[in-house]
């Protein structure tokens, strides 16, 4: 591979191999055969052709936020250097390289009063987020982030650089929009942008004693929320001696006064500790949830909920978890969209995210508490999980409706019959 690529090739035993193979999700082991840091799309194509000619498998990770650990003996292709961002304000579109991160993209689009359907973290790459569907802050208004894609540039399993659109290859385009990374190595994405005349957002925190009141206000607001309003509830249990807290994160596509009227039930909850809500710049979107941007030993479990069992969610013991988050979904996510991608309809109105630390002395207890809490929720848990929230030990079959999964597997068999390209969570068993 060193003879055919311009980027760095790192093999087991080389200086820096362990660091090069380590994903952003610290603690997820990746026993890969080699790490290649691609300099450009031609490098990506060269690696794929090398793998094809030598009976190898390739997996792409710009950063490794969604690493599963299921990559033993695979060539790990780092695409983080493919980070160009090209905004076309007239066409209201942006072309984003595989390594570009949401914080960088929003900073560029925001200069033109435009935005894209970004998630909670500024450090996550657009490619990984969109390939898995992408549940955005603005999903209630615009649907899956993947539904905003105009075109992909990929390297297919034959090592060819191709542009994929709804017109050029409808089946592959459908699969790439939310079906994971099994169908080729994405080198860039073109996304539709939407106008952003006003954005309101921020976080309000209360002491944990207010948890019941906050849950009731959350339920009341989300019951009739317009699509422009997104509200996420957090029960936070940081390590001692920091106190436990409960908080609400919010974004609203519109005027501050209208947002505050919709959030009026929060004013009846006294004793807030802090409140950062107000008009904001889209470039600061990642500050709302304040998620770690550096590699972290996060151990999470995600479930979709058919309803909001407040009695369990408000009162359940959290330790040793750090956070219990409930996101309000619905809106455009819950609708059948003509020409939509593989994610299909996300009918569940809420998403539960349970976070702890992937540390040797804690991991077992964290997973045990997650499992116990999910069991306590019973039939409120639908069993489906968003693809981008799958965790090590889970599989792609949990992310898709039965018909969509069968269609994805058929596309995989047709486009990559030898399984040369491997996603973090492959669609084929």
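Of the residues 109, 125, the one with the fewest other Cβ atoms within 10 Å heads the list, and the complete ranking is 109, 125. Of all the options 172, 305, 362, the one that moves most in a Gaussian network model of the chain with Cα springs shorter than 10 angstrom is 362. Rounded if a/c is under 1.5, else prolate if a/b is larger than b/c, else oblate: which is the range 1-124, with a ≥ b ≥ c the root eigenvalues of its Cα gyration tensor? In terms of gyration-tensor shape, prolate. As a length-normalised measure over Cα pairs under 8 Å and 6 or more apart, the relative contact order of the range 85-195 settles at 31 percent.
The sum of -39500 (n - 2.57) across all DSSP H runs of n ≥ 4, divided by the residue count of the chain, sets its helix-only mean residue ellipticity at 222 nm to -6500 deg cm²/dmol.
Exposure proxy for 402, 153, 414: other Cβ atoms within 10 Å of each Cβ, ordered fewest to most, give 402, 414, 153. Using alpha-carbon positions, what is the distance between the centroids of the range 29-57 and the range 324-383, in Å? Each part's Cα centre sits 33 Å from the other's. Taken over the chain, the percentage of Cα pairs per 10 Å bin, counting from 0 up to the bin with the maximum distance, is 5, 22, 32, 26, 12, 3, 0. Taking the Kirkwood radius as Rh and the Cα radius of gyration as Rg, the range 85-195 has a ratio of Rg/Rh equal to 0.94. Computed from Cα positions, the angle between helix 363-377 and the longest principal axis of the chain comes to roughly 60 degrees. Between the helical axis of 41-53 and the longest alpha-carbon principal axis of the chain there is an angle of about 60 degrees.
Separation of the range 105-181 and the range 62-99, taken as the distance between their Cα centroids, equals 10 angstrom.
Under the definition of Cα pairs under 8 Å and six or more residues apart, what whole-number percent is the relative contact order of the range 200-393?
On the way: 335 pairs, mean separation 49.2, N = 194.
Relative contact order for the range 200-393 comes out at 25 percent.
How far, in degrees from 0 to 90, does helix 211-223 lean away from the longest principal axis of the Cα atoms of the chain, to the nearest 10? Relative to the chain, helix 211-223 is tipped by roughly 70 degrees.
Once you sort the root eigenvalues of the Cα gyration tensor of the range 344-429 as a ≥ b ≥ c, which label holds: rounded (a/c under 1.5), prolate (a/b larger than b/c) or oblate (the other case)? It comes out oblate by the Cα gyration axes.
For the range 99-140, a/c is not less than 1.5, where a ≥ b ≥ c are the root eigenvalues of the C-alpha gyration tensor, and a/b does not top b/c. That puts it in the oblate class.
Run the numbers on the chain and let me know its relative contact order in percent, using alpha-carbon pairs under 8 Å that are six or more apart. Write down the numbers at each step before the final one.
Working: 1007 pairs, mean separation 76.3, N = 429.
Once divided by the residue count of the chain, the mean separation gives 18 percent.
Just so you know, all these numbers are worked out from the coordinates, no wet-lab data involved. Please read these numbers as outputs of a predicted model, since none were measured by experiment. Cβ sites come from the backbone with ideal geometry, for glycine too, and all protein chains shown count toward neighbours.
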